[in-house]
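Asker: Mind looking over this structure? Questions follow.
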Amino acid sequence: MVGAIRSVAPAGPPPPAPPPRPVSDRLCLKGILFVLNNDIAWQLLPLELGFGSGQTCWRRLGRWQKAGVFDRLHRVLLAELNAAGELDWSQACVDGFHIRAKKGADTGPSPVDRWKAGSKHHLIYDGRGTPLKLITTAANVNDVTQTLAVVDGIPPVVGPPGCRPEPLLGDKSYESNALRDELRRQRFRSVISRKGPRNIKGLGQLRYVVKQTFALLHHFKRLAVRWERRTRLYGAFVSLACSFILLVIVLRLGQLTVEGLMIPLAIT
């Protein structure tokens with residue numbers, strides 16, 4: 001039987017299998033959003049959804065973050081909102097929020113979670129709660145030390161010359177004379193409660209929008225509990241979530257289409 005098969009089989013080795021077709025950027029983006037929204041492990045991404053394997057989406061996420069795609073996306077969306085007059089530059093607020101971190105860099109004992117490992121979100125937002133910049137640090141990092149980082153990290157947007165949030169509001173965790181002096185040197189007017197006396201009257205009514213912003217961000221379950229070892233990849237998820245919130249506002253205003261947004265980002 002074997003001899004008969006050999007007699008009719010073609011000579012030489014079998015032809016190589018064709019290489020697999022690469023997964024499109026659009027499908028990979030859908031897979032990344034699926035992981036971000038449902039908080040599942042990359043290896044558990046269902047193949048039947050057609051988004052490619054979790055490993056493929058994970059590699060594409062790291063490649064886009066390294067190329068600065070999500071930073072450009074944030075700037076494009078902020079520019080669209082600014083052109084439509086939807087950014088409230090009359091004030092800006094800074095605040096922080098603790099999250100649990102199962103592993104990874106930039107983690108530390110959380111002072112609000114029985115000193116378990118955690119990270120912290122430091123956010124600056126405009127008067128309407130629009131996220132302007134968010135960075136992630138260890139949970140035991142003081143808010144004061146990250147204020148200038150989030151202020152300097154506000155992306156430049158196309159708008160009136162010198163458009164910048166003023167005043168800068170903060171609670172007692174940002175109380176520091178050195179911080180006030182530095183903000184004054186950068187021509188920021190700071191409204192920060194001092195430790196000891198009562199809070200500035202009406203400050204809570206101006207800062208309440210941050211609760212809504214953090215609720216929207218942590219609606220993405222992957223951000224509520226950190227599983228990424230690399231801060232860079234977790235930062236990609238954070239930037240993507242912020243951009244998604246801005247995208248919903250932009251599409252609601254009818255200022256931009258999804259296809260028009262993919263062109264400057266080189267996502268097809």
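The values are calculated or read from the model by the stated rules, or taken from the named source; none is laboratory data. Please read these numbers as outputs of a predicted model, since none were measured by experiment. Every residue, glycine among them, receives a Cβ derived from its backbone with ideal geometry; neighbour counts consider all protein chains shown. Note: areas computed on protein heavy atoms with side chains; ligands, DNA, RNA excluded. Shrake-Rupley method; radii C 1.70, N 1.55, O 1.52, S 1.80 Å.
Asker: For 116, 30, 66, write out the residues from largest to smallest accessible area, computed with a 1.4 angstrom probe and no ligands counted.
Answerer: 66, 30, 116
Asker: Given the protein chains as shown and a 1.4 Å probe, how many square angstrom of residue 181 are accessible, to the nearest 10?
Answerer: It works out to around 80 Å².
Asker: Now, a different point. I'd like the accessible area for residue 57: 1.4 Å probe, protein heavy atoms, all chains in place, Å² to the nearest 10.
Answerer: About 0 Å², rounded to the nearest 10.
Asker: Would you mind computing, in nm to one decimal, how far apart the modelled labels at residue 185 and residue 142 are, each placed 7 Å from Cα along Cα→Cβ?
Answerer: Here the answer is 1.7 nm between the modelled labels.
Asker: Additional query: Computed on alpha carbon atoms, what radius of gyration and Dmax characterise the stretch 20-146, expressed in Å?
Answerer: 17.8, 53
Asker: When all protein chains stay in place, what accessible area (Å², nearest 10, 1.4 Å probe) is found for residue 33?
Answerer: Using a 1.4 Å probe on the heavy atoms, I get roughly 50 Å².
Asker: I'd like the Karplus ³J(HN,Hα) series for the stretch 49-65: coefficients 6.51, -1.76, 1.60, θ = phi - 60°, whole numbers in Hz, and an x wherever there's a Gly or Pro.
Answerer: Whole-Hz 3J(HN,Hα) from phi for the stretch 49-65: 6, x, 8, x, 6, x, 5, 5, 5, 5, 5, 5, 4, x, 5, 5, 5.
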